Every structure is written in structure tokens, then in C-alpha cells.
Amino acid sequence: MTSFGNSLNHLPLASMDDDLSSVLLTEGQIAERVAELGRRISADYAGRDLVLIGVLKGSLIFLSDLTRRVTIPHSIDLVGAQSYMSGASTAERVDVTKDIDLDLRGRHALLIEDIYDTGGTMRVILDMLRMHQPATLEVCSLLSKKKRDREGVDLKYVGFEIEDVFVVGYGLDYKERYRNLPHIGVLSPEIYT
Ligand code: IMP
Ligand code: MG
């Protein structure tokens with residue numbers, strides 16, 4: 001497919017774009033929504049000791065954009081989770097590979113996730129973070145897939161509701177590739193089947 005909607009489209013992104021069946025969210029749409037989330041978080045957490053906690057590696061790009069759109073003082077930290085998947089299907093097991101560094105006691109923790117799919121990863125990370133006794137613990141996920149059967153996790157903030165399709169870009173990978181795409185696209189099924 002031809003690439004569009006990004007300011008780098010004269011660079012050799014085309015080879016990665018060729019693996020997409022469509023662009024779901026352009027760089028501009030994402031930036032606008034991230035700015036809106038930043039405004040809401042800044043208002044909701046004003047006067048509170050906020051910590052944004054990103055999940056490696058999928059939420060890195062989202063976290064780095066969002067933190068600059070949150071205008072109140074806050075800290076950032078990272079946790080690591082590795083989900084073992086077969087192909088592009090859902091996680092079969094989740095291992096925590098990195099705990100947080102900061103002391104969360106009495107602070108307001110906001111988990112920053114790339115995508116709410118089965119909810120398995122989020123549940124494991126939320127259980128771990130709860131042990132650090134934050135005053136509050138909420139979730140902000142850039143994407144949420146429309147799915148019926150999954151772990152019920154309450155998301156305080158959602159960037160975009162998307163269909164149950166496999167997407168890459170803006171931090172999201174397939175076999176560790178495509179994270180650097182500035183937009184989010186649907187990966188062509190022939191890439192993973
Ligand atoms: P979970 O099924 O909600 O536990 O999601 C586990 C992890 O799988 C997410 O944090 C993502 O890293 C990854 N994942 C789920 N759906 C997609 C997708 O459509 N594209 C890329 N990664 C995905
Ligand atoms: Mg992944």
C-alpha cells in the first residue's frame with residue numbers, strides 16, 4: 001500500500017507499510033488524542049503526587065509522548081512484562097521481567113499501556129503494583145480491542161477503541177519489528193500466517 005499521513009513518507013518506511021493492510025490511526029490522529037489525554041490527566045491529578053508507569057516495551061513511544069503532554073509535575077517509571085504468544089494470537093503466559101524503581105507508597109500510580117487485549121498482562125502488572133501500596137492505581141491504555149471474553153480491567157483512560165485485529169506501529173510490534181512506525185496499522189494476515 002502507499003504510505004500517507006506521516007511526515008516521513010519520503011523515507012524508506014514504505015517497506016514496512018507494505019506489510020500493512022490499512023493504516024488505522026495516523027500520526028496526526030494519535031498526537032491529537034495523546035494531547036487530549038494529557039489535558040485530562042493533568043486536570044484529574046492536579047495537586048496529587050502522580051507517577052506514570054509504562055510497560056516495556058510496547059508503551060515506550062506512547063509514554064514518551066504522553067509525559068510531555070501532562071503539564072503537572074509528575075514522575076515516570078517502567079515495569080517489564082513478557083507475554084509468550086504463539087504468532088499474533090493472545091498471551092499464554094505473562095512473566096514480570098522488571099519491577100518499578102520508585103517507592104509508590106501513598107502516591108497516585110497511573111499504569112500506561114499500549115493495548116488492552118485479553119487483559120492478562122494488565123492483571124499481572126496491576127497485582128504486582130498493588131503490593132507497592134499506592135494511594136490510587138488506575139490504567140491509561142492507548143488502545144482497547146473490542147472483545148467479549150477477557151479479564152475485566154477497569155480502564156480510567158482509553159485512547160481509541162479498535163476492532164479485534166492485530167495492529168503494529170507507535171510502539172506495538174510483531175516479532176520486535178514495526179515499533180518505529182509513526183502510525184498504527186493493521187498487519188496483513190499473510191505476514192503472520
Ligand atoms: P494482553 O492480551 O491484554 O495481555 O496483551 C498482551 C500484550 O500483547 C500487549 O501488551 C501487547 O504488547 C501485545 N498485543 C496484544 N494485541 C496486540 C496487537 O494487536 N498488536 C501488537 N501487540 C499486541
Ligand atoms: Mg509485543
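Observations on the structure shown:
- Sequence-separation-based contact order of the chain, relative, with Cα cut under 8 Å and 6+ spacing, percent: 23 percent
- The chain: antiparallel DSSP beta bridges as a percent of all, rounded to 5: 35 percent
- Placing R0 at 41 angstrom, the Cβ-Cβ distance between residue 164 and residue 46 gives a FRET efficiency of 0.70 after rounding to 0.05.
- For the chain, the mean residue ellipticity at 222 nm estimated from helices alone is -6500 deg cm²/dmol, where every DSSP H run of n ≥ 4 contributes -39500 (n - 2.57) and the total is divided by all residues, rounded to the nearest 500.
- Vicinal HN-Hα couplings computed from phi for the stretch 101-109 (Karplus, 6.51 cos²θ - 1.76 cosθ + 1.60; Hz; Gly/Pro x): 9, 7, 7, 8, 4, x, 9, 9, 9
- Size estimate for the stretch 75-171 follows the Kirkwood approach: the inverse of mean 1/r over distinct Cα pairs works out to 14.2 Å.
- Accessible-area composition of the chain, carbon plus sulfur, in percent [1.4 Å probe]: 49 percent
- Expected-Rg normalisation [2.2 N^0.38 Å, Cα atoms] applied to the stretch 134-193: 1.31
- Its residue count N fixes a reference of 2.2 N^0.38 Å for the chain, and the Cα radius of gyration divided by that reference is 1.02.
- Dipole magnitude for the stretch 11-155: computed about the Cα centre from +1 point charges on Lys and Arg Cβ and -1 point charges on Asp and Glu Cβ, it is near 400 debye.
- Residue-normalised accessible area of the stretch 35-193, given per residue in Å² at a 1.4 Å probe: 48 Å²
- Stretching residue 173 away from residue 127 to a fully extended chain increases their span by 14.1 nm, per 0.36 nm per residue minus the current alpha-carbon distance.
The values are calculated or read from the model by the stated rules, or taken from the named source; none is laboratory data. Keep in mind that this is a model prediction, so the values were computed, not measured. No Cβ is skipped: glycine too gets one built from the backbone with ideal geometry, and neighbour counts run over all protein chains shown. Quick note on the areas: whole protein, heavy atoms, side chains included, nothing else; ligands and nucleic acids left out. Shrake-Rupley method; radii C 1.70, N 1.55, O 1.52, S 1.80 Å.
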